[in-house]
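Okay, structure first, notes after.
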Amino acid sequence: MSSFSGWAVIDLKDGRDSEEFALALAAAHQSAVDVAAQGSRVFVFSDFGVTLSSVVGDLLPEWGVRAIAASDFDEHGVINEVLGPDGAAVHVASIDEEGDGLPDNDTAESRRAAAALFGAEPSALDEVSETWSDEGAQPSVLGVPYLKWWTALGAPWPHPFESTTIDPRTASSS
């Protein structure tokens, strides 16, 4: 089983509709996304992991206040990004198993900026930083290890993930 995928959690601005955001996200990439909304928080799972972070970052200034995006490149590694309200990365952490040169900005300063953005304890992020790459990228295991960052930020992935599929090519949801 391949774990190649993209994951995101977006906290929308007050008054923004989660379904409209999901349609805008899917349309921006011309690809289906699976979404689950919990109030103003939208969780996204997609098969366009390579560009999900940049698409979310492009939409964030209009739609949201903060986001986390993760890309899983199977045996090539994983990347997790915390995005600020301007869509720019505040914190980037990666596991680069194949030497592909994934970006990384996992510093004490960037962890504190991410913690402040989500109202989380910096020590929780420090703990993840110290241990999260020990098991490697874990190809074929969805959600591991980057969802450890999400839990530390107070945005754990919902279980079960009861989602709706939004596909802009058919302009429908199921």
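The values are calculated or read from the model by the stated rules, or taken from the named source; none is laboratory data. Predicted model only: the values in this text are computed from it and were never measured. Note that we place each Cβ from the backbone using ideal geometry, even for glycine, and neighbour counts take in every protein chain shown. Quick note on the areas: whole protein, heavy atoms, side chains included, nothing else; ligands and nucleic acids left out. Shrake-Rupley method; radii C 1.70, N 1.55, O 1.52, S 1.80 Å.
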Summed side-chain charge close to HIS91 - residues other than HIS91 whose Cβ falls under 13 Å, Lys, Arg +1, Asp, Glu -1:
-2
Charge context of VAL56, other residues only, Cβ under 11 angstrom, K/R +1, D/E -1
-1
Among 122-130, 7-15, what's the highest-first ranking by average C-beta atoms within 10 angstrom per residue?
7-15, 122-130
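Report the full-extension gain for the segment GLU19 to VAL65: residue separation times 0.36 nm, less the Cα-Cα distance, to one decimal in nm.
Values: separation 46, 0.36 × 46 = 16.56 nm, distance 1.66 nm.
Full extension of this stretch gives 14.9 nm more.
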Please sort 79-91, 156-168 by packing, taking for each peptide the average over its residues of neighbouring beta carbons within 10 angstrom, highest first.
79-91, 156-168
How far apart, in nm, are two points set 7 Å out from the Cα along the Cα-to-Cβ line at PHE161 and at GLU130?
2.9
Quick one: if you stick a label point 7 Å off each Cα along the C-beta vector at SER123 and ALA27, how many nm between them?
4.7
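Tell me the net charge near ASN80. Cut-off is 11 Å between Cβ atoms, ASN80 excluded, with +1 for each Lys or Arg and -1 for each Asp or Glu.
Values: positive: LYS148; negative: ASP72, GLU81, ASP104, ASP106.
Surrounding charge for ASN80 is -3.
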Rounded to a whole %, the carbon-and-sulfur portion of the accessible area of the range 32-91 at a 1.4 Å probe is 53
